[in-house]
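Here's the structure we're looking at; comments come further down.
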Amino acid sequence: MSLKNKISRWISAGLINQSQAEAILHYEKTERPRTTWGLSGFLLVAACSAGLGMIALIAANWRAIPIYAKLAGYFVLLISLGYYLLTIKLKNKSNFLSESLLIFFVILCLAGIGLISQIYNIGGEFYETLLLWSSITFLLTLLDDKELTSHIWLTSFYIGFSSWIMSAIVDTEVFFKITLQFPVFFLGLTMALHNQKIEKTLPLNLFLPKRKALAKWAVFTGFISLISLNILSFESDSNKTIGAFDFILLSLLGGFVFTAITFSPYKKIQKNLLHGTLLLFFLFYIMALSIELNSLLSTFVSILILSLPAFFFATFKKKKLFGLFIFAIAVRLLIFYIDIYVSLMVTGLILIALAGLIFITVQLVKKNEKQISQWLIKLE
Amino acid sequence: MLLFHKLFIIALSFPILCLMGIVGMNEYQLRKSQTLTLPIQGYDPRDLLSGYYLRYRVKYGVKCPEKNKSKTKRRSKLAYICFKPEKSITYSLPENCSLFIKGKCDFSAFQSKNINRYYIPERAKELEKLFTSAKKKEVVLSVTKKGQALVKDIVIDGESIKKLINRL
């Protein structure tokens with residue numbers, strides 16, 4: 001909506017008067033510095049073009065450049081960039097350019113690993129590169145206040161760690177067992193960073209983006225784990241084993257996350273929803289890894305696991321996240337329908353019955369809204 | 001200086017020092033380790049962004065012994081190939097062996113990391129022809145006391161691949 005339309009609405013609502021509206025419009029036209037995004041866009045294209053051109057020139061003459069010149073050039077670039085970033089930080093003059101250059105520094109570290117590998121003909125798996133890169137850039141990621149660097153780091157760590165597990169262990173069940181617990185681990189870290197003591201001791205601009213990134217990864221890896229568990233649950237139980245390793249893993253993780261949620265500053269109802277999600281997830285994990293589940297039970301548990309976080313985000317009025325989980329529930333129901341497809345007639349009756357059930361539930365909730373609100377307040 | 005700034009200096013220096021350390025380690029290994037020349041076979045060129053890797057298989061001349069029955073389900077097992085005094089493959093660190101390479105046995109074939117490819121800058125078709133038609137192809141390795149090997153050179157019919165590339 002344009003500013004003029006917004007101002008008209010504000011005047012109609014009695015929030016501002018005509019003279020205030022004119023003052024706002026005047027300020028927006030003249031006083032506020034305009035970002036010349038158009039020109040900046042062209043400059044960005046020019047910078048990218050120059051950068052790509054330089055890379056192409058170097059690549060064309062790569063053979064002619066002696067090995068030690070390549071290494072020297074790389075380290076001069078890396079050290080110069082590091083020094084520039086340090087001076088910016090010391091003067092507290094961070095801007096869009098310095099933030100972009102920090103991400104470039106992180107990516108340059110990965111390029112350095114590739115260059116060294118090329119010069120010394122070092123082989124090895126891609127996950128080794130990713131894990132090395134994650135290790136050397138971990139502290140820098142912790143100290144950066146941008147969410148993007150956390151996402152870059154988490155992506156490389158997640159892919160590197162998962163690939164390492166897959167290559168090191170032939171038994172795919174064990175791979176699933178460890179990577180399935182990533183969402184729980186990320187959830188635990190997110191909750192731990194919600195601790196009030198931590199909020200008082202660490203700078204807010206540092207750990208807030210980390211918390212947001214971890215929360216998003218908890219949701220993302222949660223979906224991946226739930227899909228994996230659903231696939232596993234349909235496998236026959238003759239190959240499934242569940243033993244001491246699983247219970248130790250669940251106990252340690254469960255203890256950590258349960259405690260982190262308990263000491264988080266959320267309301268009681270929100271904590272209960274998270275605790276419930278965790279318990280259901282562990283229950284589904286044990287069921288999927290020990291017995292062959294039928295489609296109905298698997299669907300029912302999956303929907304329960306998805307419903308609790310949906311309600312959790314609803315309590316924060318996070319519409320998009322709530323919608324995402326409702327969509328996931330709908331997709332799961334669709335998969336169930338495809339799985340048990342009997343006939344069009346039966347399908348039609350089931351869908352109508354489902355719609356009726358949802359309609360009646362919504363009507364009941366609307367009718368008893370006050371009592372439900374009071375009950376929720378009591379739960380807090 | 002604030003604690004944060006000190007930590008930031010460490011955070012920026014750490015990757016630089018690590019990468020320099022890796023370069024230093026590799027340089028030391030190339031210069032100070034024992035040299036070993038082994039015949040190679042096979043050829044699998046692949047185009048990369050600015051050149052390609054020459055991939056080959058090292059002919060060790062000896063197969064992995066039958067694996068002991070193990071409870072683990074790993075498909076490959078840590079192994080060592082000894083070259084001096086005599087060629088053999090063992091699953092434990094070889095005693096009285098002055099030159100050995102650490103690797104793994106994948107079924108009956110011994111493999112070691114870092115020695116199965118050599119970087120060739122830019123596409124060199126003539127090199128491909130030379131390599132496939134060559135009678136004698138060898139890899140020159142530098143091997144540390146701990147059994148880690150790095151490729152120093154590839155020798156095609158008695159001539160270093162670096163000289164051949166410069167001539168192309």
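The values are calculated or read from the model by the stated rules, or taken from the named source; none is laboratory data. As the structure is a computational prediction, the values presented were derived from the model and not from experiment. Because the Cβ atoms are built from the backbone with ideal geometry, glycine has one as well, and the counts that use them run over all protein chains shown. The protein model used for the area step is the full one, side chains on, heavy atoms only, and it has no ligands, DNA or RNA in it. Shrake-Rupley method; radii C 1.70, N 1.55, O 1.52, S 1.80 Å.
Listing for the model above:
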{"item": "Given (1) farther than 19 Å from residue B:17 by Cα; (2) open to solvent by less than 60 Å² (accessible area, probe 1.4 Å); (3) out of contact with any Asp or Glu (no Cβ under 9 Å at 6 or more places or on another chain), index of the condition residue A:99 fails", "result": "(3)"}
{"item": "Residue list for the stretch A:119-161, restricted to those being over 16 Å from the mean Cα position of the chain (by Cα) and of a type in the set (S, T, N, Q)", "result": "A:121, A:129, A:134, A:135, A:137"}
{"item": "Residue pairs meeting the criteria (Cβ under 8 Å; at least 6 apart or on separate chains; first modelled with pLDDT of 70 or more, in the stretch A:359-380; second surrounded by 10 or more Cβ atoms within 10 Å (Cβ to Cβ))", "result": "A:365/A:372"}
{"item": "Filter result for residue A:130 (loosely packed, with under 13 Cβ neighbours inside 10 Å and either more than 10 Å from every other protein chain (Cβ to nearest Cβ) or modelled with pLDDT under 85 (or both))", "result": "no"}
{"item": "Of all residues in the stretch B:73-118 being within 12 Å of another protein chain (Cβ to nearest Cβ) and in a loop (DSSP other than H, G, I, E, B), the one that is surrounded by the fewest Cβ atoms within 10 Å (Cβ to Cβ)", "result": "B:73"}
{"item": "Answer from B:42, B:51 - the residue that is assigned by TED's automatic domain parsing to the domain that holds residue B:144, at pLDDT below 85 and surrounded by 14 or more Cβ atoms within 10 Å (Cβ to Cβ)", "result": "B:51"}
{"item": "Residue selected from the stretch A:145-159 under the condition crowded, with 17+ Cβ neighbours inside 10 Å, free of Cβ contacts under 8 Å to residues at least 60 places away in the same chain and of a type outside the set (Val, Ile, Thr), by the criterion farthest from the other protein chains (Cβ to nearest Cβ)", "result": "A:157"}
{"item": "First in the stretch B:12-40 and within 11 Å of chain A (Cβ to nearest Cβ), second anywhere and assigned to a strand (DSSP E or B), Cβ under 7 Å, 6 or more apart", "result": "B:26/B:150; B:29/B:142; B:29/B:150; B:30/B:142; B:30/B:150; B:30/B:152"}
{"item": "Exclusive hit being within 30 Å of residue A:245 (Cβ to Cβ) and out of contact with any Cys (no Cβ under 7 Å at 6 or more places or on another chain), set A:188, A:114", "result": "A:188"}
{"item": "Close pairs from the stretch A:267-290: first closer than 18 Å to residue A:311 by Cβ and without any contact (Cβ under 8 Å) to a residue 40 or more places away in the chain, partner in a helix (DSSP H, G or I) and hydroxyl-bearing (Ser, Thr, Tyr), Cβ under 7 Å, at least 6 apart", "result": "A:271/A:262"}
{"item": "Counted residues, the stretch A:252-274 - those being closer than 16 Å to residue A:214 by Cβ and open to solvent by 20 Å² or more (accessible area, probe 1.4 Å)", "result": "3"}
{"item": "Count of residues meeting criterion [touching a helix residue (DSSP H, G or I) at 6+ places or on another chain (Cβ under 8 Å) and over 11 Å from residue B:12 (Cα atoms)] in the stretch A:79-94", "result": "4"}
{"item": "Odd one out for residue A:89 among (1) of a type outside the set (Phe, Trp, Tyr); (2) closer than 25 Å to residue B:6 by Cβ; (3) under 30 Å from the mean Cα position of the chain (by Cα); (4) more than 9 Å from every other protein chain (Cβ to nearest Cβ)", "result": "(4)"}
{"item": "Extreme residue, modelled with the lowest pLDDT, among residues of the stretch B:119-137 that are part of a helix (DSSP H, G or I) and within 14 Å of chain A (Cβ to nearest Cβ)", "result": "B:126"}
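Here is a yes/no grid of residues against (1) at pLDDT below 90; (2) open to solvent by 70 Å² or more (accessible area, probe 1.4 Å); (3) not assigned by TED's automatic domain parsing to the domain that holds residue A:187:
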site	(1), (2), (3)
A:250	yes, no, no
A:276	no, no, no
A:288	yes, no, no
A:294	yes, yes, no
A:305	no, no, no
